[in-house]
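Novice: A single structure is presented below for examination.
The values are calculated or read from the model by the stated rules, or taken from the named source; none is laboratory data. A quick note: this is a predicted structure, and the numbers were derived from the prediction, not measured. Cβ placement follows ideal geometry from the backbone for every residue including glycine, while neighbour counts extend to all protein chains displayed.
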Amino acid sequence: MNPSRLGIALIVSGPSGAGKSTVCKRLRQRRPGLEFSVSCTTREPRKGEIDGKDYHFIDRAEFQRRVENGEFLEHADVHGNFYGTLKSEIIGRVEAGKDVLLDIDVQGVLQVRESSKNNSLLGKCSECVFLAAPSFEELERRLRSRGTEKEESIRKRLDNAKSELAHWRDYDYLIINKDVEQAVKDMENLIEMLHNSTKRLEDAGFFQPLKKSLK
Ligand code: 5GP
């Protein structure tokens, strides 16, 4: 029996430096069927980043236009730049039974949580994972060793991390990223387990064979 089901919107979030992008990248390599939600951002592309693949790089005016058009599921000012998840990256895909991976910040998760209260599709599909570094010292070490941020940006990210850490209870799952391979395995196990959840099953048809066999 292979019942039809809605896809999972798997939201990976947590402080900058916890390893979200690395874990998400490896997970996508391991599970090619897992689609990635490409966010919009007003920040400058980093070396090697591709427009439309890593982010949709847009300017502030275009970002504002999309906010006013209601195109975002959530959006936030993160470390001084705007970031937002397009509804078009999520809705059609989960309705078609596809799993979608999101890498967003804590403010975004809180907004998705709030919207889920009035949006049953979002409520059924979204699963929030808090990815944490094993300690604050390790978070700082990782942020510095990345070498992508200036000192001012590192300080801002560390400051934000303190308030973000306080929100771990707003999430469904917690994964501590001591080791990337293990964190990716934990995510894969979680996805497998979530496939067995009844909350995204479309019940029409699912119980028919069962009902017949009971007659
Ligand atoms: P970075 O600039 O390092 O790629 O990302 C900075 C932060 O923005 C990360 O914490 C990342 O998860 C978050 N982020 C990326 N896309 C989105 C988005 O669409 N919405 C929100 N709220 N945060 C995002």
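Novice: Among the residues that make up segment 22-36, is at least one of them under 12 Å from the mean Cα position of the chain (by Cα) and within 10 Å of the ligand (Cβ to nearest atom)?
Specialist: The answer is yes, given that some residue of segment 22-36 is under 12 Å from the mean Cα position of the chain (by Cα) and within 10 Å of the ligand (Cβ to nearest atom).
Novice: Right, something else. Considering only segment 79-98, how many residues are modelled with pLDDT under 95 and surrounded by 20 or more Cβ atoms within 10 Å (Cβ to Cβ)?
Specialist: Adding up the residues that qualify gives 0.
Novice: Further question: For segment 1-18, which residues satisfy the criterion of being within 11 Å of the ligand (Cβ to nearest atom) and assigned to a loop (DSSP other than H, G, I, E, B)?
Specialist: Residues of segment 1-18 within 11 Å of the ligand (Cβ to nearest atom): 11-18.
Within segment 1-18, 14, 15, 16, 17, 18 qualify.
Novice: Right, something else. May I ask you to list the residues in segment 37-52 that are assigned to a loop (DSSP other than H, G, I, E, B) and not hydrophobic (A, V, I, L, M, F, W, C)?
Specialist: Residues satisfying the conditions are 37, 42, 43, 44, 45, 46, 47, 48, 49, 52.
Novice: Could you list all residues from segment 166-195 that are out of contact with any Leu (no Cβ under 9 Å at 6 or more places or on another chain) and assigned to a helix (DSSP H, G or I)?
Specialist: First, the residues of segment 166-195 that are out of contact with any Leu (no Cβ under 9 Å at 6 or more places or on another chain): 166, 169, 171-172, 178-182, 185-186, 189, 192-193, 195.
Residues satisfying the conditions are 169, 180, 181, 182, 185, 186, 189, 192, 193, 195.
Novice: Another question about this same structure. Which of the residues belonging to segment 109-124 are more than 16 Å from the ligand (Cβ to nearest atom) and not charged (D, E, K, R)? Before the answer, list the steps.
Specialist: Of segment 109-124, the ones more than 16 Å from the ligand (Cβ to nearest atom) are 117-121, 123-124.
If the condition is that a residue be more than 16 Å from the ligand (Cβ to nearest atom) and not charged (D, E, K, R), then 118, 119, 120, 121, 123 are the ones that fit.
Novice: Working only within segment 78-125, note down all residues that are among the acidic types (Asp, Glu) and more than 20 Å from residue 192 (Cα to Cα). So that I can check it myself, show each step before the final result.
Specialist: Kept after step one, since they are among the acidic types (Asp, Glu), are these residues of segment 78-125: 89, 95, 99, 103, 105, 114.
Passing the criteria: 89, 105, 114.
Novice: Looking at segment 39-82, which of its residues are more than 9 Å from the ligand (Cβ to nearest atom) and either hydrophobic (A, V, I, L, M, F, W, C) or on the phi > 0 side of the Ramachandran plot (or both)?
Specialist: Across segment 39-82, the qualifying residues are 48, 50, 52, 57, 58, 61, 63, 67, 70, 80.
Novice: Now for a separate question. Suppose we filter segment 84-108 for residues that are within 11 Å of the ligand (Cβ to nearest atom), of a type in the set (Asp, Glu) and in contact (Cβ under 8 Å) with a residue 60 or more places away in the chain; how many remain? Before the answer, list the steps.
Specialist: As a first pass, look at segment 84-108 and keep what is within 11 Å of the ligand (Cβ to nearest atom): 84-86, 89-90, 102-108.
Adding the requirement that they be of a type in the set (Asp, Glu) leaves 89, 103, 105.
Keeping just the survivors that are in contact (Cβ under 8 Å) with a residue 60 or more places away in the chain gives 103, 105.
Qualifying residue count for the region: 2.
Novice: Sort out which residues of segment 176-194 are surrounded by 12 or more Cβ atoms within 10 Å (Cβ to Cβ) and either over 12 Å from residue 134 (Cβ atoms) or touching a residue at least 60 places away in the same chain (Cβ under 8 Å) (or both), and write them in order of number.
Specialist: 177, 180, 183, 184, 185, 186, 187, 188, 190, 191, 194
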